[in-house]
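Since the structure comes first, as structure tokens, the remarks are kept for the end.
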Amino acid sequence: MEKFIPVVVIKELSETDKILTALKNNGINTAEITFRTACAAEAIRYAVKNYPDMEIGAGTVINGEQCKAALEAGATFIVSPGLSPDAAKICAEKNIPYYPGCVTPTEIMAALELGITTVKFFPANVYGGLKALKALSAPFPQIKFIPTGGVDRSNIDEFLAFDKVAAIGGSFFVKESLDKMEEK
């Protein structure tokens, strides 16, 4: 897993090349294309075909139906804002990484019961940020976190320095990459 997982919202399929090229030019080879738009599955399918050297996943997957659609489109990992037992089961059957959003001890325990040891911590800034991750790591030393939401350049180094952080998620990677591309 790469250390940076950009949260990518593609509103129109035509945006896919510009966004993924900007990410690649910025040294990022992963994209979590969200299921927030009508063209999400199509964008994933396009990205998998045209950017074979990138790891293309699906984000904002909230149920088994979306999970199936994302996997059929070629997603290599699934991310949810919460924990979907259906998505977890589908991913486990297909040996695909599933990163559910978990911010409470109860949610983390539910993830562990499903065999999941890396979870999205979202929204990180609302649920206590790094301080909360450190507190949750005490009773759950086997858990790794992907903090997303409220992580940016002002605090990213603090998060990355914590050994229980597997990666950082965020839409700011897309904005930074596009801004750099515009400067050239």
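In a DSSP loop and with at most 11 other Cβ atoms within 10 Å, the GluC sites (Glu not before Pro) in the range 1-71 are Glu12.
What 222 nm value per residue comes from the helices of the chain, counting each DSSP H run with n ≥ 4 as -39,500 (n - 2.57) and dividing by all residues, nearest 500 deg cm²/dmol?
On the way: 8 runs with 77 residues, N = 184.
Value at 222 nm, helices only: -12000 deg cm²/dmol.
Return the loop-located GluC sites (Glu not before Pro) in the range 68-170 (DSSP other than H, G, I, E, B) with at most 10 other Cβ atoms within 10 Å of their own Cβ; answer none if there are none. Let's see the in-between values first.
Numbers: sites: Glu72, Glu93, Glu107, Glu113, Glu158; in loops: none.
Hits after loop and neighbour filter: nothing returned.
Normalised by the residues of the range 85-148, what does the relative contact order come to in percent, with Cα pairs under 8 Å and at least six apart?
Numbers: 62 pairs, mean separation 19.9, N = 64.
Reported relative contact order: 31 percent.
Listed by chain and number, the lysines placed with their C-alpha closer than 20 angstrom to that of Lys89 are Lys68, Lys120, Lys144; residues fewer than eight positions away on the same chain are left out.
Averaged per residue, what accessible surface does the chain expose to a 1.4 Å probe, in Å²?
Values: 8870 Å² over 184 residues.
Per residue, the chain has an accessible area of 48 Å².
Averaging over every viewing direction, what projected area does the convex hull of the Cα atoms of the range 97-176 cover, in nm²? Before the final figure, lay out the partial values.
Values: hull surface 20.1 nm².
Hull-based average projected area comes out at 5.0 nm².
Spin-label pair Thr104-Glu15: with each label point 7 Å from Cα along the Cα-Cβ axis, the two points sit 3.3 nm from one another. Considering only protein heavy atoms and a probe of 1.4 Å, how much of the accessible area of the chain is carbon and sulfur, as a whole percent? Carbon and sulfur: 53 percent of the exposed surface of the chain. Using only side-chain charges placed at the Cβ, +1 for Lys and Arg and -1 for Asp and Glu, the dipole size of the range 29-124 relative to its Cα centre rounds to 100 debye.
Find how many whole Å separate the alpha carbon centroid of the range 13-87 from the alpha carbon centroid of the range 140-184. About 18 Å separates the Cα centre of the range 140-184 from the one of the range 13-87. Entry note, the chain: relative contact order of 22 percent, from Cα contacts under 8 Å with a spacing of 6+ residues.
The values are calculated or read from the model by the stated rules, or taken from the named source; none is laboratory data. Small disclaimer: the values here were computed from a predicted structure and weren't measured. Methodologically, a virtual Cβ is constructed for each residue, glycine included, from the backbone with ideal geometry; neighbour enumeration extends over all protein chains shown. Accessible surface is based on the protein model in full, side chains and every heavy atom, while ligands, DNA and RNA are left aside. Shrake-Rupley method; radii C 1.70, N 1.55, O 1.52, S 1.80 Å.
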